[in-house]
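The values are calculated or read from the model by the stated rules, or taken from the named source; none is laboratory data. Given the structure is predicted, the values throughout are model-derived calculations rather than measurements. Note that each Cβ is placed from the backbone with ideal geometry, even for glycine, and that neighbours are counted across all protein chains shown. The protein model used for the area step is the full one, side chains on, heavy atoms only, and it has no ligands, DNA or RNA in it. Shrake-Rupley method; radii C 1.70, N 1.55, O 1.52, S 1.80 Å.
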Amino acid sequence: MIDLSTLTAYIAVVLGFVFIPGPATLLTVARATSSGTKVGIATGAGIAAGDVVHTIMAMVGISAIIATSAALFSIVKYIGAAYLVYLGIRAIIEKTPANPAAGALAISAGKAFRQAILTEVLNPKTALFFLAFLPQFVRAENGSVMLQLTILGVIFVTLGLLSTVVFAVSAGRLGTFLRRNPRVLKWQGKIVGGIYCALGVRLALQQR
């Protein structure tokens, strides 16, 4: 079992990571603002599910393969970047409802959840982060390494989900207010799409 001092230090560091706005936060806020709190929370849950995948990958060593293979890293990176740009372009060209009272969501919660999983899983930087970050808090004298990695991963995913829910609720309320303005409604898809495209370009330009 992980000792209390190591666990306390880990939680403090993770809280700093998850509550500092980053790509996951931007995706969640963009979805919550344009499509409502429920969709924002679904996006956050999808990101958390993607982080579960990365935790498993770190545990079984797949992330290490990505870390040592420049070609594989680039392939995963560009697939992820292309997917983000694709989502961004779709959001930009899709027509928004002319009547803000219609209440139509730009995207369903289920679809937002699935897209968020793919977006997170296809980010090799996240895979490398888990590979480099989690082992720093593993101590051989504390018992099973796999169990320690599992506990650390679960804590990271839980705190990450908590942070995205907080951002989603806040952005969802703001989005409800903004969507009452037809002019804002007209441009919200283009703004969300621009955020996705920017994140895609950012991912494509990142180095290992």
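In this structure, is Arg173 assigned to a helix (DSSP H, G or I), open to solvent by 70 Å² or more (accessible area, probe 1.4 Å) and at pLDDT 75 or above?
Working: assigned to a helix (DSSP H, G or I): yes; open to solvent by 70 Å² or more (accessible area, probe 1.4 Å): yes; at pLDDT 75 or above: yes.
So Arg173 passes the test.
Within the range 28-41, is even one residue of a type in the set (Lys, Arg), open to solvent by 50 Å² or more (accessible area, probe 1.4 Å), touching a residue at least 24 places away in the same chain (Cβ under 8 Å) and more than 22 Å from Leu128 (Cα to Cα)?
Yes, there is a match, as at least one residue in the range 28-41 is of a type in the set (Lys, Arg), open to solvent by 50 Å² or more (accessible area, probe 1.4 Å), touching a residue at least 24 places away in the same chain (Cβ under 8 Å) and more than 22 Å from Leu128 (Cα to Cα).
Filter the range 50-77 for residues that are open to solvent by 30 Å² or more (accessible area, probe 1.4 Å) and under 15 Å from Ala116 (Cβ atoms) and give the result.
Val52, Val53
Give me a count of the residues in the range 1-44 that are in a helix (DSSP H, G or I), of a type outside the set (Ser, Thr, Tyr) and within 15 Å of Gln148 (Cα to Cα).
The qualifying residues number 4.
Looking only at the range 33-47, which residues are over 9 Å from the mean Cα position of the chain (by Cα), at pLDDT 90 or above and farther than 11 Å from Phe167 by Cβ?
Lys38, Val39, Ala42 - these are the residues of the range 33-47 that are over 9 Å from the mean Cα position of the chain (by Cα), at pLDDT 90 or above and farther than 11 Å from Phe167 by Cβ.
Counting only residues that are assigned to a loop (DSSP other than H, G, I, E, B), among the hydrophobic types (A, V, I, L, M, F, W, C) and open to solvent by 70 Å² or more (accessible area, probe 1.4 Å), which one in the range 78-119 is modelled with the highest pLDDT? Steps first, answer last, please.
Of the range 78-119, the ones assigned to a loop (DSSP other than H, G, I, E, B) are 94-99, 103-108.
Restricting the remaining residues to those that are among the hydrophobic types (A, V, I, L, M, F, W, C) gives 98, 104-107.
Subset that is open to solvent by 70 Å² or more (accessible area, probe 1.4 Å): 98, 105.
Details: Ala98: 46, Leu105: 49.
The qualifying residue modelled with the highest pLDDT is Leu105.
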